[in-house]
Structure formats: C-alpha cells, structure tokens
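Undergrad: Sending over a structure as structure tokens; questions will come in a sec.
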Amino acid sequence: MAKLWGGRFEEGLDKKTEAFGASITFDQKMARQDLKGSLAHVTMLASTGILTAEEAEQIKAGIQKVEAKYEAGEIEFKIENEDIHMNMETYLHAEIGPVAGKLHTARSRNDQVATDMHLWMKDTLSETMDKLQNLREVIVTLASEHVETIMPGYTHLQHAQPISFGHHLMAYYSMLTRDFDRFAFNMKHADISPLGAAALAGTTFPIDRKETAALMGFSDVYVNSMDAVSDRDFILEFLSNASILMMHLSRFCEELILWCSNEFQFVTLSDAFSTGSSIMPQKKNPDMAELIRGKSGRVYGNLFGLLTVMKSLPLAYNKDLQEDKEGMFDTADTILTSLDVMAGMLSTLSVNESIMVESTEKDFSNATELADYLAAKGLPFRQAHEIVGEMVLECTKAGYYLQDVPLTRYQEVSTLIDSDIYETLKSRTAVQRRNSYGGTGFEQVKMQIDLAKDALNHS
Ligand code: ARG
C-alpha cells in the first residue's frame, strides 16, 4: 500500500532505509494510548462541528473495531507503515474505508506521538508508585521486626557504632519515600495534553483542546504549541528519577551482597531469589541483588542517551525525537521488575540476629560510649577522646576489648569510672540509649516506623 504521506513522492523509500526510519518495532507499546487519543480527537471533531456526527460515529466504530482486534492479538504491525500512528490509521482505513482519512484533520503525528507518550507515562508513573509503595511497606514490616536487632553501624566500611538493624532499614525507607515524591511530582508534567498543537503551530480549525484533554483524563493543556510537540522534559524527569531510584537500590543490593558473604553472614537470601554455580556445588549466589546493582548502569545510560539527543535540538519536532522511546521503555521495564524483585528478596530474607550482635561484641565500636561516659561526668570530650584512644591502643596490644579491662585498671586511668561502665559498654545499651531525634535508639526507630505507617496509610 502507498505511504500515508506519499503524495509528493515519485519513488518509493529505499527498502533498507525504511526499517531504519521505522519505530513500529518499539512504539507498538503505545497502541492503547494511540487509540485512546484518536477516540478523544474524533469526539472533539464532531462536537466542534469540524466533522459531522455521522462521520465521527463511523470513525469511532472503526476505532473500536481496531481496538477489539488489537486486544484479540489480531493486529499485525508492518514496518512499511513506519510507526504506531500510521499502522493504526491503516487498519482503520481497512475497516471503514476513505472516511478514515478524516480522523487526521487538525492533527499531526507530532502532537499525536507526544500525546501517546504523555498517556503512556502517566500509566507508567502510577505503576511505578504502586510498586514503590509496596516495597516501602515490605521495608517497614521488616524494620518493625528488627527494632531491637543489634548490628554494627559502619563508616568507611569500618565498625563505627552499634545500631538497630531496623534503623538501617528505615534509612532505605526514607530514600524510597523521596523517590516516591519525585515520581509523584513527575506526574504534574506528564499530566498535560499536547493534542491540538498539530505539527508545531496549532491549526486553523476551531478545535477544542480542553475537551480532548478532559476526554483523555489530562488536567491541563500545553499553552505553547511548539513546546507541546518538542517537550520531552517529562521523560527526562522520569529517567532521572529512575536513575536516583536505581542508585538507592544498588546501594541496598550492595549491602545485601556483602551481608550474605561468608565474612559477614548477617543475612541469608531465600532460595527463590538465589542461584547456584554450574561448577561449584556449594555456591548460593545473590544474582538478583547483583543484577539490580548492575542494571542501574543501563538506567543511567538511558538518561544520558536522551539528554544527549535533546542537547542543542532546534525547535520544534525533529526526527531525532523518535530516539526518546526505547530508553524510556527499557527504563520502565527495568525499574518495575527491580522493584518487584527487591520486595520479594526482602520479604523472604532471613536475618541472622546472633551473628549480627556478636560482631558488635568483638570490636571497639563501644569506644564512643566510654568517651561519652567520661564527658557526661564532666571531663571535656576532647580529653575523654584522648584517654579512650590510649585505652583502645592498650587493649589492641594486649589482645582484648574495652569490656574486658578490669575495673582496677579503669580506675587508674580515671577515677570517674565506676562499675556501671560494663553495662554502658554493652552494644545493646549503646543502641537503646541513642534517643536523640532521628537516632538509632529503640524509641526513635519506633517513632520512624510509626510515621512511615501513617504516611503509607495516607498515600
Ligand atoms: N514515529 C515518530 C516519532 O516517534 C512519530 C512522529 C513522526 N512525525 C514526523 N513528522 N515524522 O517521533
């Protein structure tokens, strides 16, 4: 069949080039959105009197038939029809004949593709937020089971101070809450209709852009037609929000990978989220966590890909913009699956509480407790720090820890030290007492969990 735009051409398109220029292999993901946009457009064309009611009814019935065929898997997309818009229009033509040609009145593929992408983005943002909400719930549930589970807190990957495992988990909850907020804000810029901008300059037909926007469920319309057809900020925002999300997940996964290593043994991943080795029979690998960590790379790549496409692009539509889709689809698939896998991995995780707490008993992560103890009794903190540093050195040389130092020795070092020091030096006590706002103290962790449960119930 001749091209829908074939009028001004004398020769056909070079066959190899045809596939190069086509987007149907990937933009078919927007089939439903394309049909929805066309339905809204034709409804408006009738209500404004641009088409007769009868013409519009024929076209609508045709679109519904194409839709039914699509849902039944009976539509075969063709490279020679280039993209989703012309594939659908060709099917419509086959259903209802020449009246199909009236659908494209006062419309261009430039505003059509932008409309499809806005619709697709709104659906994807909702799905992303649902999955993020689920993951946040899984984290809060796990954290509430581990408010009093003691583990080492790290700085520089060295034991720093003991913390609550629940507190550690709630740090990730906070990151994911910001991610959720970012995707919610992303919705504001996705929720604007470009339809009616036509090719770039609007149209001479008396269209009603607010009507089509309302029919498609958009809250607003673009006020500038050139911006409408060339804006891809809402996609860049999505790709950048997705990159930040993947960065967070990659940090969490990195910790899971460390924690299930032989050196840590803090957690055990369930079999459902682990894999074996084809040569080493003993292996149980955290592949899924590694993959999420690795997939953050492609998500960053998709962001940089589109930023680079958009750089220096003159107004208004340019075919370069066709390159906006594959990265967007790939990023959506990647984050949606990563969020599911992450939630599954965390909800089936076993926590080896005794190994976690033991690792805070064979270290000097209670050194701050001793310094704080002296400072609380009036010694300037800097002086207390110096004394404790010397004690740590003495213990290191002797091969034991601060809790093993006899009271007689402590009292030689400072008369401020009493027998209650041994309770103070326990990691559980250290965690329990850190009740400054937002600290790892049990009360504070419970407070965070309560706030989180409240927020989840209201979002
Ligand atoms: N497939 C095109 C894209 O994705 C649709 C818009 C084409 N418009 C045009 N004037 N060639 O960008």
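The values are calculated or read from the model by the stated rules, or taken from the named source; none is laboratory data. Every value quoted in this text rests on a predicted model; they were computed, and no experiment measured them. Please note: Cβ atoms are built from the backbone with ideal geometry, for glycine as well, and neighbour counts cover all protein chains shown.
Undergrad: Does at least one position in segment 263-281 carry a residue that is part of a loop (DSSP other than H, G, I, E, B), within 24 Å of the chain's Cα centre (by Cα), charged (D, E, K, R) and at pLDDT 95 or above?
TA: Among the residues of segment 263-281, not one is part of a loop (DSSP other than H, G, I, E, B), within 24 Å of the chain's Cα centre (by Cα), charged (D, E, K, R) and at pLDDT 95 or above, which makes the answer no.
Undergrad: Taking segment 408-436 only, how many residues are among the aliphatic types (A, V, I, L, M), closer than 13 Å to Leu370 by Cβ and part of a helix (DSSP H, G or I)?
TA: 3
Undergrad: Consider Ser427 against the criteria (1) touching an Asp or Glu at 6+ places or on another chain (Cβ under 6 Å); (2) under 13 Å from Asn366 (Cβ atoms): it satisfies all of them except one. Which criterion is unmet?
TA: (1)
Undergrad: If you take the residues in segment 7-26 that are over 13 Å from Lys78 (Cβ atoms) and within 35 Å of the chain's Cα centre (by Cα), which one is surrounded by the most Cβ atoms within 10 Å (Cβ to Cβ)?
TA: Going through the qualifying residues, I end up with Phe26.
Undergrad: Under 8 Å between Cβ atoms, at least 6 apart or on separate chains: pull out the pairs that start in segment 96-111 with a residue that is aliphatic (A, V, I, L, M) and end on any residue that is part of a loop (DSSP other than H, G, I, E, B).
TA: Qualifying pairs under 8 Å: Ala106/Ile50; Ala106/Gly196; Ala106/Ala198; Ala106/Thr203; Ala106/Phe205; Ala106/Ile207.
Undergrad: Report whether or not Val140 is in contact with a Lys or Arg (Cβ under 7 Å, 6 or more places away or on another chain), in a loop (DSSP other than H, G, I, E, B) and farther than 30 Å from Leu307 by Cβ.
TA: Here the answer is no, as Val140 does not meet what is asked.
Undergrad: Have a look at Ala272, Ala332 and point out the one that is away from the ligand (no atom under 16 Å from the Cβ), farther than 24 Å from Ser174 by Cα and of a type in the set (A, V, I, L, M).
TA: Ala272
Undergrad: If we scan segment 194-202, do we find a residue that is assigned to a helix (DSSP H, G or I) and either touching a residue at least 12 places away in the same chain (Cβ under 8 Å) or surrounded by fewer than 18 Cβ atoms within 10 Å (Cβ to Cβ) (or both)?
TA: No, segment 194-202 contains no residue that is assigned to a helix (DSSP H, G or I) and either touching a residue at least 12 places away in the same chain (Cβ under 8 Å) or surrounded by fewer than 18 Cβ atoms within 10 Å (Cβ to Cβ) (or both).
Undergrad: Let me ask something else. Out of everything in segment 203-253 that is within 16 Å of the ligand (Cβ to nearest atom) and outside any helix (DSSP H, G or I), what residue ends up being surrounded by the fewest Cβ atoms within 10 Å (Cβ to Cβ)?
TA: The qualifying residue surrounded by the fewest Cβ atoms within 10 Å (Cβ to Cβ) is Thr203.
Undergrad: Continuing with the same structure: Residues that are in contact (Cβ under 8 Å) with a residue 40 or more places away in the chain and touching a Ser or Thr at 6+ places or on another chain (Cβ under 6 Å): does segment 409-430 have at least one?
TA: Yes: segment 409-430 contains one or more residues that are in contact (Cβ under 8 Å) with a residue 40 or more places away in the chain and touching a Ser or Thr at 6+ places or on another chain (Cβ under 6 Å).
Undergrad: In segment 35-68, what residues are of a type in the set (Lys, Arg) and under 19 Å from Asp111 (Cα atoms)?
TA: Lys36
Undergrad: Is there any pair with a first residue in segment 70-88 that is in the same structural domain as Ala22 (by TED's automatic domain parsing) and on the phi > 0 side of the Ramachandran plot and a second that is within 12 Å of the ligand (Cβ to nearest atom) and of a type outside the set (S, T, N, Q) whose Cβ atoms are under 6 Å apart and which are 6 or more apart or on different chains, and what are they?
TA: Matching pairs, first to second residue: Glu82/Ala22.
Undergrad: State whether the residues of segment 268-287 include one that is closer than 21 Å to Asp179 by Cβ, of a type outside the set (Val, Ile, Thr) and assigned by TED's automatic domain parsing to the domain that holds Ala184.
TA: No, every residue in segment 268-287 fails to be closer than 21 Å to Asp179 by Cβ, of a type outside the set (Val, Ile, Thr) and assigned by TED's automatic domain parsing to the domain that holds Ala184.
Undergrad: Now, a different point. Is there a residue in segment 287-303 that is touching a strand residue (DSSP E or B) at 6+ places or on another chain (Cβ under 8 Å), in a helix (DSSP H, G or I), of a type in the set (D, E, K, R) and more than 15 Å from the ligand (Cβ to nearest atom)?
TA: Scanning segment 287-303, I find at least one residue that is touching a strand residue (DSSP E or B) at 6+ places or on another chain (Cβ under 8 Å), in a helix (DSSP H, G or I), of a type in the set (D, E, K, R) and more than 15 Å from the ligand (Cβ to nearest atom), so the answer is yes.
Undergrad: Does Asn366 meet the test of being farther than 30 Å from Thr155 by Cα and either of a type in the set (S, T, N, Q) or in contact with a His (Cβ under 8 Å, 6 or more places away or on another chain) (or both)?
TA: No.
For every residue, the table says whether it meets (1) assigned by TED's automatic domain parsing to the domain that holds Trp259; (2) surrounded by fewer than 20 Cβ atoms within 10 Å (Cβ to Cβ); (3) farther than 30 Å from His85 by Cα; (4) more than 12 Å from the chain's Cα centre (by Cα).
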residue: Thr128; (1), (2), (3), (4): yes, no, no, no
residue: Leu135; (1), (2), (3), (4): yes, no, yes, no
residue: Ala143; (1), (2), (3), (4): yes, no, yes, yes
residue: Glu148; (1), (2), (3), (4): yes, yes, yes, yes
residue: Leu157; (1), (2), (3), (4): yes, yes, yes, yes
residue: Gly166; (1), (2), (3), (4): yes, no, yes, yes
residue: Leu169; (1), (2), (3), (4): yes, no, yes, yes
residue: Met187; (1), (2), (3), (4): yes, yes, no, yes
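Matching residues to (1) more than 15 Å from Leu346 (Cα to Cα); (2) touching a Lys or Arg at 6+ places or on another chain (Cβ under 9 Å):
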| position | (1), (2) |
| --- | --- |
| Arg251 | no, yes |
| Glu263 | yes, no |
| Ser277 | yes, yes |
| Gln282 | yes, no |
| Asp287 | no, no |
| Gly294 | yes, no |
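Undergrad: Right, here's the next one. Suppose we keep only residues that are buried (at least 18 other Cβ atoms within 10 Å of the Cβ) and more than 8 Å from the ligand (Cβ to nearest atom) within segment 316-329. Which one would you say is nearest to the chain's Cα centre (by Cα)?
TA: Checking each candidate, the answer is Met328.
Undergrad: If we scan segment 381-400, do we find a residue that is free of Cβ contacts under 8 Å to residues at least 40 places away in the same chain, within 16 Å of the ligand (Cβ to nearest atom) and out of contact with any Ser or Thr (no Cβ under 9 Å at 6 or more places or on another chain)?
TA: Within segment 381-400, not a single residue is free of Cβ contacts under 8 Å to residues at least 40 places away in the same chain, within 16 Å of the ligand (Cβ to nearest atom) and out of contact with any Ser or Thr (no Cβ under 9 Å at 6 or more places or on another chain).
Undergrad: In segment 67-94, what residues are part of a helix (DSSP H, G or I), away from the ligand (no atom under 14 Å from the Cβ) and either charged (D, E, K, R) or under 19 Å from Lys15 (Cα atoms) (or both)?
TA: Glu67, Lys69, Glu71
Undergrad: Is it the case that segment 274-283 has a residue that's surrounded by 16 or more Cβ atoms within 10 Å (Cβ to Cβ), touching a residue at least 40 places away in the same chain (Cβ under 8 Å) and not acidic (Asp, Glu)?
TA: No, segment 274-283 has no match at all.
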